[in-house]
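What follows is a short report on a single structure.
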Amino acid sequence: MKILIKNGHLVDPSQKIDDICDILIEDDKIKEIQLQGARGKGQGAKNKKEHETAGFDEVIDAAGMLVLPGLVDMHVHLREPGFEYKETIKTGTYAAVRGGITSVCCMPNTNPVNDTPGITEFIIKKAAQEGSCSVFPIGSITKRQRGEELAELAMMFDAGCVAFSDDGKPVMESLVMRRALEYSRIRKALIISHAEDMSLSSGGVMNEGLLSVTLGLRGIPSQAEEVMIARDIALAELTGGRLHIAHVSTKGSVELIRLAKKRGIADITAETCPHYFSITEDAVEGYNTNAKVNPPLRRKEDLEAIKAGLNDNTIDVIATDHAPHHRDEKLGEFDLAPSGISGFETSIGLSMKLVDTGVLTLNQLIEKMALNPSKIVGIMKGTLKQGGRCGYSNFGHSQ
Ligand SMILES: [Zn+2]
């Protein structure tokens, strides 16, 4: 099978390419990339070899379009096993590829929780059978995500988990988090922190401030996130473990991570999600349950701080935290509705606004949506290098 994608604007930070080019694909592999950057500049035009469109099974004219490496979303919830009425591996990965995402890392808060190699293997197998993109499971840090006892991290890592997180919940016990980070150092596995001090956030359903008071809803202060990020940075420093901070939502969090990186604390990375740089807590007005997310939507100044954090690389990754629910669940009253928003199909569109408004260059954006997450979780994705696979595959880490 030979495919030619011609005249597209390829942006591939892994090869530092930002140019018009032709891409030849043979048997699902990138065979050749022919740059046309010198087109119209005399010498280049002379040397440029026109590809015969004959001999290809398919020719795609991508003139005026962007050609990007498949995006890598390192924070998603596929809801299977256990919550198939919300989403399945099949429907979730289908939505992902509609949004240009060809690799996803799925969080373990399924039922049962992905805390044993058996569940990890189930997800990998199911994704291979029914998925539309590559699926890399994230195992839970603690058994049943209870925050008490470490799960079988080594066995899950060997079964194909690319990282560990109790996402949806924090690991409240500092000693348990310390042990997880110590483990991560031995196996070079990534620990992803859902930063939330539950004693501060307890009962809260939106950002704490004037609006929460006006709406009569209990608020979650920014500090619920920041206290936990400060703790986890301290524990990463103590252990030398690999720490990644999920869904950064506040100005204070950006400042803490910026300072930690400046101090050179080993292996700290961070992500944010499109909803934290696109909309504010104002979206909650009218008790809009679709705007109920955890951490909650924040204020304008937080949104601006997150953009600044993306710009100066304090925040390495844009991930969706795609977390769909059944329509009926979101139709309930605000206090009781579950937290979460779908993100696969809107992520690239919302993120492109960062380029339009000069927050990021196109190259930086693709770094944060493809290359950086691949590097952080240790998968060979996010690139269109020669010899790389164009199809999708489901295998364990480091492939
Ligand atoms: Zn989370």
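Points worth noting:
- Sorting ARG263, ARG299, ARG79, ARG98 on solvent-accessible area from highest to lowest, probe radius 1.4 Å, gives ARG98, ARG263, ARG299, ARG79.
- Percentage, to the nearest whole number, of Cα pairs in the stretch 162-271 over 25 Å apart: 21 percent
- Backbone HN-Hα couplings from phi across the stretch 252-262 [Karplus 6.51/-1.76/1.60, Hz, Gly and Pro as x]: x, 5, 4, 5, 5, 5, 4, 5, 4, 5, 5
- Of all DSSP-defined beta bridges confined to the chain, some 35% are antiparallel rather than parallel.
- Solvent exposure of TYR94, expressed as accessible area, is near 140 Å², computed with a probe of 1.4 Å over the protein chains only.
- Among ILE318, ILE5, ILE191 - extreme Cα towards positive end, dipole of the chain, charges at beta-carbon: ILE5
- Between the stretch 129-200 and the stretch 264-278, the alpha-carbon center distance in angstrom: 17 Å
- Per residue, the stretch 258-355 exposes 43 Å² of solvent-accessible protein surface, assessed with a 1.4 angstrom probe and all protein chains in place.
- Summarising the amide proton neighbourhood of ILE315: residues at separation of 5 or more, or on other chains, whose placed amide H is nearer than 5 Å comprise LEU310.
- For HIS75, the residues whose amide H sits under 5 Å from its own are CYS105, THR320, ASP321, ignoring neighbours fewer than 5 places away on the same chain, with H placed 1.01 Å from N.
- Backbone phi angles across the stretch 152-157, fed through the Karplus curve with coefficients 6.51, -1.76 and 1.60 (θ = phi - 60°), yield HN-Hα couplings of 7, 4, 4, 5, 5, 4 Hz in residue order; Gly and Pro are listed as x.
- Taking Cα atoms only, the orientation of helix 347-356 departs from the longest principal axis of the chain by about 70 degrees.
- Average accessible surface area per residue within the stretch 45-137, 1.4 Å rolling probe, Å²: 44 Å²
- Rolling a 1.4 Å probe over the protein heavy atoms gives the stretch 172-219 an accessible area of 51 Å² per residue.
- Each residue of the stretch 64-74 was assigned a 3J(HN,Hα) from its phi angle through the Karplus expression (A = 6.51, B = -1.76, C = 1.60, θ = phi - 60°), giving x, 10, 8, 10, 10, x, x, 6, 10, 10, 8 Hz with x at Gly and Pro.
- Neighbour net charge for VAL67 - beta-carbon separation under 13 angstrom, K R +1, D E -1: -4
- Placed amide H near ILE220: partners under 5 Å, 5+ positions off or other chain: VAL205, MET206, ASN207, GLU208
- Based on alpha-carbon atoms, the Kirkwood radius and the radius of gyration of the chain give Rg/Rh equal to 0.99.
- In the assembled protein chains, LYS375 presents an accessible area of approximately 140 Å² (probe radius 1.4 Å).
- Surrounding net charge for PRO81, when Lys and Arg each add one and Asp and Glu each subtract one, Cβ distance under 13 Å: -1
- Averaged over residues, the count of other Cβ atoms within 10 Å places the peptides 305-315, 247-257 in the sequence 247-257, 305-315, highest first.
- In this Cβ point-charge picture (+1 for Lys and Arg, -1 for Asp and Glu), the chain has a dipole of about 980 debye about its Cα centre.
- Summing Lys and Arg as +1 and Asp and Glu as -1 over all other residues whose Cβ lies under 11 Å from the Cβ of HIS326 gives a net charge of 0.
- Heavy-atom accessible area, probed at 1.4 angstrom with all protein chains present, ranks LYS292, LYS29 as LYS29, LYS292, highest first.
- Student exercise, the stretch 253-399 dipole from Lys, Arg, Asp, Glu Cβ charges, in Debye to nearest 20: 740 debye
- Among the listed pairs LYS169/LYS261; LYS2/LYS368; LYS2/LYS126; LYS143/LYS251; LYS86/LYS125; LYS261/LYS375, a Cα-Cα separation exceeding 23 Å is found for LYS169/LYS261; LYS2/LYS368; LYS2/LYS126; LYS143/LYS251.
- For the stretch 108-247, the carbon plus sulfur part of the accessible surface works out to 52%, probe radius 1.4 Å.
- Calculated from the alpha-carbon coordinates, the stretch 223-298 shows an Rg and a Dmax of 14.1, 46 Å respectively.
- In the chain, helices alone account for a calculated mean residue ellipticity at 222 nm of -9500 deg cm²/dmol, with every DSSP H run of four or more residues adding -39,500 (n - 2.57).
The values are calculated or read from the model by the stated rules, or taken from the named source; none is laboratory data. As the structure is a prediction and not an experimental result, all values here were calculated from the model. For neighbour counting, all protein chains shown are included, and Cβ atoms are generated from backbone atoms with ideal geometry for every residue, glycine included. Heavy atoms of the whole protein, side chains included, go into the accessibility calculation; ligands, DNA and RNA do not. Shrake-Rupley method; radii C 1.70, N 1.55, O 1.52, S 1.80 Å.
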